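The values are calculated or read from the model by the stated rules, or taken from the named source; none is laboratory data. Just so it is clear, the structure is predicted and the values come from calculations on it, not from any experiment. All Cβ positions, even for glycine, are placed from backbone atoms using ideal geometry, and neighbour counts span all protein chains on display. Calculation scope for accessible area: heavy atoms of the full protein, side chains included, ligands and nucleic acids excluded. Shrake-Rupley method; radii C 1.70, N 1.55, O 1.52, S 1.80 Å.
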Amino acid sequence: MKYWLLFMTAWLAVSTADAQELYSCKNTRLSFFSSSPLEDIEAKTDKGASAINTKTKDIFFKVPINSFQFKKKLMQEHFNENYLESDKYPFAEFKGKINDSPEFSKNGTYPVTVTGTLNIHGIDKTYTAKGTISTQGSTITVNSTFNVRVADHGIKIPSLVVQNVAEVVAVTVNGIYTPYSK
Amino acid sequence: MKIVSTILLCCIISTYAQAQGLDKLFDSTTATHTRVRDTYKSTRIVQGQSTEMLRKHELDFRVAHRFGDVGGEFGGSKTFFGTDNSTDIRIAFEYGISDNLMVGISRSKGGGDLQQLYEGLIKYRFLQQTTDDHVPVSLAVFGNAVISGMTSGTDKTAASHFEDGSDRLMYVTQALVSRKFANRLSLTLAPTYVHRNHVAYMDVNNLFALGAAARLKLSKRLGLLAEYYYPFRSQESKDYFKATKGITFYNPLGLGLEIETGGHVFSITFTNSTSILENQFIPETTTSWLQGQFRWGFNISRRFTLFGKKDWKK
């Protein structure tokens, strides 16, 4: 009986510690921008899901490809159908680690780099991206912009539209995290 | 001993919680019905409508052209396999009021009994197929009204003799049911009702037809199309036309290749019918594939997004 009590206390301690280390954001904003001689293309979504473990410094993003909104709906259709093939590859995912040691318990803004694997269009690639992490009370804000070469993820741009779509697109991520609760 | 095992157990649980990883937190987040896109690349299949719609505030500029007979009496090398002639030409502006409602106006030459045709059309999509089969098919209805601007003929038994203005009108009502199978094959059934206010003697004012069409996707931007209509014309009418005028009615069969190039969809078509509008090609096809009376043609669709900036900022 005593041991059970001990066990329960220990287990409770573990799980509560976990909860405090976990921060999540269910409406992470992501956008990308393609600039080319003929056309600037921009798309955005606020349907990204993201989480940070402040202890292990793990960071995770997951975004439904078909949630990206374009100015031109036809373009959005082609993005899903011809380029990202969102029926086959419905999500883009990033699993990484924060390389620096920002003090999550203290308010402030910390420049960081994050290294991890980005999966787009079913193809993994390792990236190291710069960003900032700010903490304010119990919320954490993450901002980052990095470049993705579309060819690295097996996305082919036909020669016909090569003037319209850039080879390298700038991806911007912005999330405001709160302590994770189920 | 018991303490040790308890601590061990705690460690195991705690490592499990760590290794479980952040990605598991969001596993249950997305369970919505995703709509099936691109059953066809365009709002038309070969001649007839598809269940595809224009998006809200999209303008579609369409040009369709049908050349002369490839073979037979009017084809061959002297007309360069029909290229010197045109049996029908249509220019149209169509517009998406919402993602499921589109309207349009067009002018066509007319390849049947009547010429100089002005058309107003409307199409509404009730249902869109979803990937999880929550909605198994896409369902749309299409309707149009066509008026002929040609001068009335003198032969009172001909379709082109107009007693008054209403004789110039023709209508089509059509239901379209589509399903995309395994991302490659799309099938459509199209029960169609054609009404022509004034027709030639012994022709039929009201005609029911059943259309069937398919697309086989060859690559991301290329599709093979086939379309067939079976009009239920009365035997009496068929016999009369055959006996008195030597005219046989044939069922319209169209084949096509659909090529998507960014904002354009380009379809190369081969059809036995001479005309483009449903009002004519369903009841008035008297040309046969087997006698070389088929023609090539094309449909070009160019889509423009209007008010894109305004809608996007919302």
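Some notes on this structure:
- Site pair B:THR151 and A:GLN20 shows an inter-label distance of 9.5 nm when each label is modelled 7 Å from Cα along Cα→Cβ.
- The helix-based estimate of mean residue ellipticity at 222 nm for the protein assembly as shown, built from -39,500 (n - 2.57) per DSSP H run of four or more residues and divided by its residue count, is -4000 deg cm²/dmol to the nearest 500.
- Our estimate of slack between B:LEU224 and B:ASP132, defined as 0.36 nm per intervening residue step minus the Cα-Cα distance, is 30.6 nm.
- Spin-label model distance (nm) - A:LYS97 vs B:GLN116, 7 Å beyond Cα toward Cβ: 8.1 nm
- Three-way shape call for the stretch A:73-168 based on the alpha-carbon gyration tensor, with the a/c threshold at 1.5: prolate
- Highest-first arrangement of A:49-55, B:92-98, where packing means the average Cβ count within 10 Å: A:49-55, B:92-98
- Counting, for every residue in A:61-73, the Cβ atoms of other protein chains within 10 Å of its Cβ and taking the mean gives 4.
- Between B:THR286 and A:LYS125, the distance separating the two model label sites (each 7 Å from Cα on the Cα→Cβ line) works out to 6.3 nm.
- Here r is the Cβ-Cβ distance between A:THR141 and B:ARG107 and R0 is 45 Å; the resulting FRET efficiency, rounded to 0.05, is 0.20.
- With all protein chains kept in place, the per residue accessible area of the protein assembly as shown amounts to 49 square angstrom at a probe of 1.4 angstrom.
- In chain B, one over the average inverse separation of all distinct C-alpha pairs is 21.9 Å, which is the Kirkwood hydrodynamic radius.
- Dipole of chain B, positive end: most advanced residue of B:TYR240, B:GLY120, B:ILE268 [Cβ charges, Cα centre]: B:ILE268
- Eligible aspartates and glutamates near A:LYS47 by straight Cα distance, threshold 16 Å, same-chain separation 8 or greater: A:GLU93, B:ASP23, B:ASP27
- Charge-dipole axis of the protein assembly as shown as Lys and Arg at +1 and Asp and Glu at -1 on Cβ define it, positive-most pick from B:PHE67, B:GLY82, B:LEU139: B:LEU139
- When accessible surface is computed with a 1.4 Å probe, chains B and A are found to bury approximately 3700 Å² between them, both chains counted.
- Remark: the protein assembly as shown carries a charge dipole of roughly 1260 debye about the Cα centre, counting +1 on each Lys and Arg Cβ and -1 on each Asp and Glu Cβ.
- Residue-span extension gain [B:ILE300 to B:LEU210] - 0.36 nm each, minus C-alpha spacing: 29.8 nm
- Among the listed pairs B:LYS123/B:LYS217; B:LYS109/B:LYS180; A:LYS57/B:LYS220; A:LYS130/B:LYS180; A:LYS72/B:LYS217, those whose Cα-Cα separation exceeds 32 Å are B:LYS109/B:LYS180; A:LYS57/B:LYS220; A:LYS130/B:LYS180.
- In the stretch B:61-108, inverting the average of 1/r over every pair of distinct C-alpha atoms gives 12.5 Å as the Kirkwood radius.
- Rounded to the nearest 20 debye, the dipole size of chain B about its Cα centre is 1200 debye, using +1 on the Cβ of Lys and Arg and -1 on the Cβ of Asp and Glu.
- Distance histogram for the stretch A:106-155 (every C-alpha pair counted, 5 angstrom bins, percent rounded to whole numbers): 5, 19, 22, 18, 14, 11, 7, 4, 1
- Here the calculated FRET efficiency for A:VAL162 and B:LYS242, from their Cβ-Cβ distance with R0 = 35 Å, stands at 0.05, rounded to the nearest 0.05.
- Values of log10 I(q)/I(0), in the order q = 0.14 Å⁻¹, for the stretch A:42-119 under a Debye, Cα-only, solvent-free model: -0.59
- Translational diffusion of the protein assembly as shown, µm² s⁻¹ [Kirkwood Rh, Cα pairs; Stokes-Einstein; 10 °C; 1.306 mPa s]: 60 µm²/s
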